[in-house]
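None of the figures in this text is laboratory data; all of them are computed from the coordinates on show. Treat the numbers as computed from the prediction; the structure is a model and nothing was measured. Cβ atoms come from the backbone with ideal geometry, glycine included; neighbour counts cover every protein chain shown.
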Amino acid sequence: METGTLITVLREADAVRFGEFELAHGGTSDYYIDKYRFETDPTCLSAIAETFAGRLDDETLGGVALGAVPLAAATSVAADRPYVIVRKEAKSHGTANRIEGSLADGDRVVVLEDIATTGQSALDAVRALREAGAVVERVLVVVDRQEGAGELLADNGIDLDALVTASDLLGGRE
């Protein structure tokens with residue numbers, strides 16, 4: 001899907017809001033990209049999954065919990081590729097896994113993420129996957145807010161591939 005069409009779909013899902021917002025990393029912003037709007041809208045989720053699917057190689061998908069799990073599931077179906085879920089930390093009950101799903105040593109994994117700001121949550125997921133024996137070289141993200149994620153990931157040998165950047169999405173309004 002072309003960037004312009006994806007931007008239209010994101011805007012139609014009311015995923016971009018303006019005002020004063022506190023971000024997960026503690027900073028503030030005059031705009032907010034509401035991942036729950038684009039992940040719960042079937043048209044938008046389908047468009048994202050199809051676009052992600054078109055950018056995959058022969059990789060297992062790694063969805064960062066919680067936000068990227070719907071993206072990983074939808075992309076898994078669209079691309080007929082398996083996925084794993086990467087938790088922020090191992091759960092304390094059941095299997096006590098940090099990574100859920102089937103992952104073998106040496107599997108190539110691409111991490112899927114909803115929004116990249118600093119890149120820290122994606123980097124944490126990459127590190128967990130690498131510790132489990134996976135080969136991870138890139139992160140696919142719906143929106144790159146262009147606030148350092150690309151640089152942080154590059155410093156750790158990871159490419160950031162964004163479907164849309166904040167500049168694209170805001171059309172110069174940022």
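One residue is enough: does region 68-88 have a residue meeting the conditions of a type outside the set (D, E, K, R), within 25 Å of residue 29 (Cα to Cα), touching a residue at least 24 places away in the same chain (Cβ under 8 Å) and surrounded by fewer than 20 Cβ atoms within 10 Å (Cβ to Cβ)? No - not one qualifying residue is present in region 68-88. Scanning region 131-170 for residues that are under 19 Å from residue 57 (Cα atoms), assigned to a strand (DSSP E or B) and under 16 Å from the mean Cα position of the chain (by Cα) gives 136, 137, 138, 139, 140, 141, 142, 159, 160, 161, 162, 163. Can you confirm whether region 110-122 contains a residue that is small (Gly, Ala, Ser), part of a helix (DSSP H, G or I), within 29 Å of residue 167 (Cβ to Cβ) and within 16 Å of the chain's Cα centre (by Cα)? Yes: one or more hits.
Taking first residues from region 46-66 that are in contact (Cβ under 8 Å) with a residue 40 or more places away in the chain and closer than 19 Å to residue 9 by Cα and partners that are buried (at least 23 other Cβ atoms within 10 Å of the Cβ) and β-branched (Val, Ile, Thr), the Cβ contacts under 6 Å between residues at least 6 apart in sequence or on separate chains come to 48/142; 52/75.
The strands (runs of 3 or more DSSP E) found wholly in region 17-89 and carrying at least 1 residues that are over 30 Å from residue 105 (Cβ atoms) occupy 28-33. I'd like to check something: does region 157-166 contain any residue that is in contact (Cβ under 8 Å) with a residue 12 or more places away in the chain, at positive phi and touching an Asp or Glu at 6+ places or on another chain (Cβ under 9 Å)? The answer is yes, given that some residue of region 157-166 is in contact (Cβ under 8 Å) with a residue 12 or more places away in the chain, at positive phi and touching an Asp or Glu at 6+ places or on another chain (Cβ under 9 Å).
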